[in-house]
Amino acid sequence: MVRLHVTRQGRQALDEVACRRARRLAVALGAMEPADAEALGRGLRGFLAALDAGTGDEGGTG
């Protein structure tokens, strides 16, 4: 197991990146047509269901 300890400055940098990402996603989702946003939601739900079902390369390194 690898354990990382993040400094206060590192945590702040990670938080800033997360905030920027969340803002960009919100803007992009807000700009989508409702039908496209619904299609994205259906696709993501299907993707997550497939992951939950155990499909894909579990634990592989590629």
Discussion item. Cβ-Cβ distance below 9 Å, separation of 6 or more or different chains: which pairs start in region 20-33 with a residue that is farther than 18 Å from L44 by Cα and end on one that is open to solvent by 70 Å² or more (accessible area, probe 1.4 Å)?
Written reply: none
Discussion item. For region 7-52, give me each residue that is open to solvent by 80 Å² or more (accessible area, probe 1.4 Å) and outside any helix (DSSP H, G or I).
Written reply: T7, E33
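The values are calculated or read from the model by the stated rules, or taken from the named source; none is laboratory data. Source: prediction; values computed, not measured. Every residue, glycine among them, receives a Cβ derived from its backbone with ideal geometry; neighbour counts consider all protein chains shown. For the accessible areas, the whole protein counts, side chains as well, though only heavy atoms, and no ligand, DNA or RNA atoms are used. Shrake-Rupley method; radii C 1.70, N 1.55, O 1.52, S 1.80 Å.
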